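**Q** One structure, as structure tokens, below. Some questions next.
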Amino acid sequence: MDTRPAVLEINDIELSLTVAGGARSASPGYASLHRDTVVIGSAARAESRLHPRHSGNRFWMHLGTTPLVPAHPRVRHHADLAWMHLQHVHELGGKPRELVLAVPGSMEREQLAILLGIVQRCDFRAVGLVDAAVAAACSTATGERALHVDLQLHQCVITELAREDGVLVRQQVQVLADAGLAGLQARWAKLVAAAF
């Protein structure tokens, strides 16, 4: 039995859970809030175009405990949606006991604290927390300097990495707001519509 922890990469395009042996599960960062239910992941993304007023996909980017307006009986704030999403991905991935979390460099300290608080309420144990850019680049042959580009739903995160005495170190993180996949898709749709 393999006892290595699974790796959960947090990117709101899709949370990606990879377990030992390479099996991968993924779920997009979408939620659909109906009167008495909450739908998370792929099903919520499918509903988002049909019911945009009941759908949301910014809860990872705005991870926090500010109350949602309008209020919902099952969701108080974005942290509740993040918890539901984590539980959903964990179940999709076969419920591994231990996870290493790979988080984007755009997450602020307060958001990281909230994330770790959420994880304490989940059905798994976080055994590590790593910058997603460092994790992605550590197994690649890079020169002394490299850039890691992380496209998210609503922003793009560019991380400058450097090798110092053989160790990969994060230097700077730059966030390009409104330069995410959702914005690109909207622009592409306008170009296609204009072509017709």
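The values are calculated or read from the model by the stated rules, or taken from the named source; none is laboratory data. Values in this document were obtained by computation on a predicted structure and should not be read as measured data. A quick note on method: Cβ atoms are made from the backbone with ideal geometry, for glycine too, and the neighbour counts reach across all protein chains shown. Accessible surface areas use protein heavy atoms only, side chains included; no ligands, DNA or RNA. Shrake-Rupley method; radii C 1.70, N 1.55, O 1.52, S 1.80 Å.
**Q** Among the residues of segment 22-30, is any touching a Lys or Arg at 6+ places or on another chain (Cβ under 8 Å) and either among the polar types (S, T, N, Q) or farther than 23 Å from Gly94 by Cα (or both)?
**A** The answer is no, given that none of the residues of segment 22-30 is touching a Lys or Arg at 6+ places or on another chain (Cβ under 8 Å) and either among the polar types (S, T, N, Q) or farther than 23 Å from Gly94 by Cα (or both).
**Q** Give the residue that is farthest from Ile13 (Cα to Cα), with candidates limited to residues of segment 179-196 that are in contact with a strand residue (DSSP E or B) (Cβ under 7 Å, 6 or more places away or on another chain) and outside any helix (DSSP H, G or I). Let's see the steps before the verdict.
**A** Step one: filter segment 179-196 for residues in contact with a strand residue (DSSP E or B) (Cβ under 7 Å, 6 or more places away or on another chain), giving 179-181.
Filter once more, so that each one left must be outside any helix (DSSP H, G or I): 179-180.
Numbers: Ala179: 13, Gly180: 9 Å.
Only one residue fits best here, namely Ala179.
**Q** For residues that are part of a strand (DSSP E or B) and buried (at least 21 other Cβ atoms within 10 Å of the Cβ), tally how many sit in segment 8-24. Don't jump to the end; show me each part of the working.
**A** From segment 8-24, those part of a strand (DSSP E or B) are 8-9, 15-18, 24; that's our starting set.
Subset that is buried (at least 21 other Cβ atoms within 10 Å of the Cβ): 8-9, 15, 17.
The total comes to 4.
**Q** Continuing with this model, one more query. Gly128 - would you say it is open to solvent by less than 20 Å² (accessible area, probe 1.4 Å) and among the small types (Gly, Ala, Ser)?
**A** no
**Q** May I ask you to verify whether Val157 is among the hydrophobic types (A, V, I, L, M, F, W, C), closer than 24 Å to Asp12 by Cβ, crowded, with 16+ Cβ neighbours inside 10 Å and within 15 Å of the chain's Cα centre (by Cα)? Don't jump to the end; show me each part of the working.
**A** Numbers: among the hydrophobic types (A, V, I, L, M, F, W, C): yes; closer than 24 Å to Asp12 by Cβ: yes; crowded, with 16+ Cβ neighbours inside 10 Å: yes; within 15 Å of the chain's Cα centre (by Cα): yes.
For Val157, the condition - among the hydrophobic types (A, V, I, L, M, F, W, C), closer than 24 Å to Asp12 by Cβ, crowded, with 16+ Cβ neighbours inside 10 Å and within 15 Å of the chain's Cα centre (by Cα) - is met.
**Q** A further question on this structure: Looking only at residues that are in a strand (DSSP E or B) and open to solvent by 40 Å² or more (accessible area, probe 1.4 Å) in segment 136-147, which one is farthest from Asp12 (Cα to Cα)?
**A** Looking only at segment 136-147, we keep the residues that are in a strand (DSSP E or B), and these are 145-147.
Narrowing further to those that are open to solvent by 40 Å² or more (accessible area, probe 1.4 Å): 145, 147.
Numbers: Arg145: 27, Leu147: 20 Å.
So the residue we want is Arg145.
**Q** Can you name every one of the helices (runs of 4 or more DSSP H) wholly within segment 32-128 that holds 2 or more residues which are under 14 Å from the mean Cα position of the chain (by Cα), touching a residue at least 12 places away in the same chain (Cβ under 8 Å) and closer than 30 Å to Arg170 by Cβ?
**A** 78-92, 109-120
**Q** Do you know which of the residues in segment 148-168 that are in contact (Cβ under 8 Å) with a residue 24 or more places away in the chain, part of a strand (DSSP E or B) and not hydroxyl-bearing (Ser, Thr, Tyr) is nearest to Arg58 (Cα to Cα)?
**A** Once the filter is applied, the top-ranked residue is Gln155.
Each row is one residue, and each column tells you yes or no for (1) touching a Cys at 6+ places or on another chain (Cβ under 7 Å); (2) crowded, with 19+ Cβ neighbours inside 10 Å.
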{"position": "Leu63", "(1), (2)": "no, yes"}
{"position": "Thr66", "(1), (2)": "no, no"}
{"position": "Val69", "(1), (2)": "no, no"}
{"position": "Leu86", "(1), (2)": "yes, yes"}
{"position": "Arg97", "(1), (2)": "no, no"}
{"position": "Ser106", "(1), (2)": "no, yes"}
{"position": "Ile114", "(1), (2)": "no, yes"}
{"position": "Ile118", "(1), (2)": "no, yes"}
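**Q** Another question, if that's okay. How many residues, within segment 27-59, are touching a His at 6+ places or on another chain (Cβ under 8 Å) and either open to solvent by less than 30 Å² (accessible area, probe 1.4 Å) or among the hydrophobic types (A, V, I, L, M, F, W, C) (or both)?
**A** Result for segment 27-59: 9.
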